[in-house]
Amino acid sequence: MLFLYLALVGVGGAAGFLTATFVDNLEPPAYLFLVEFPATQFGFTAYGALTIATVLGVPLLLVVYVSRHVDDPDAVSPKD
């Protein structure tokens, strides 16, 4: 699961790099509307990777948290 997550974050970074390489007149991206990155290959790479990491990472962390802390008594089969 971790490998897939890292691979998808890498794809997001690669997409940002390729966007900055082949598209002209780009405006600087703003991560979460707060942190503005430069409109360079490095800036778009970081923006793409961080955006995908956040979009996939937050729900993944919530799933891990719920699976560890929520106790469902109906999930265990009753003893006969």
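The values are calculated or read from the model by the stated rules, or taken from the named source; none is laboratory data. Not measured: the values here are computed from a predicted model. FYI the Cβ positions are ideal-geometry reconstructions off the backbone, even for glycines, and counts take in every protein chain you see.
Remarks
- Within the option set E27, E36, being more than 11 Å from the chain's Cα centre (by Cα), farther than 29 Å from V64 by Cα and touching a residue at least 12 places away in the same chain (Cβ under 8 Å) holds for one residue only, E27.
- Some residue of segment 4-11 being of a type in the set (F, W, Y) and out of contact with any Gly (no Cβ under 9 Å at 6 or more places or on another chain): no
- The one condition in (1) of a type in the set (D, E); (2) exposed (fewer than 10 other Cβ atoms within 10 Å of the Cβ); (3) at pLDDT 95 or above that D74 fails to fulfil: (3)
- Hey, V55 closer than 22 Å to A7 by Cα, hydrophobic (A, V, I, L, M, F, W, C) and modelled with pLDDT of 95 or more or not: yes
- Conditions (1) of a type outside the set (A, V, I, L, M, F, W, C); (2) in contact with a strand residue (DSSP E or B) (Cβ under 7 Å, 6 or more places away or on another chain); (3) loosely packed, with under 13 Cβ neighbours inside 10 Å; number of the one not met by E36: (3)
- Residue in segment 3-18 that is in contact with a strand residue (DSSP E or B) (Cβ under 8 Å, 6 or more places away or on another chain), modelled with pLDDT of 95 or more and not hydrophobic (A, V, I, L, M, F, W, C) present: no
- Complete set of residues in segment 12-25 that are aliphatic (A, V, I, L, M) and exposed (fewer than 13 other Cβ atoms within 10 Å of the Cβ): V23
- Residues of segment 39-62 that are of a type in the set (V, I, T), surrounded by 11 or more Cβ atoms within 10 Å (Cβ to Cβ) and assigned to a helix (DSSP H, G or I): T45, T51, I52, T54, V55.
- Members of segment 4-31 found to be under 12 Å from A53 (Cα atoms) and either among the acidic types (D, E) or outside any helix (DSSP H, G or I) (or both), listed by number: Y31
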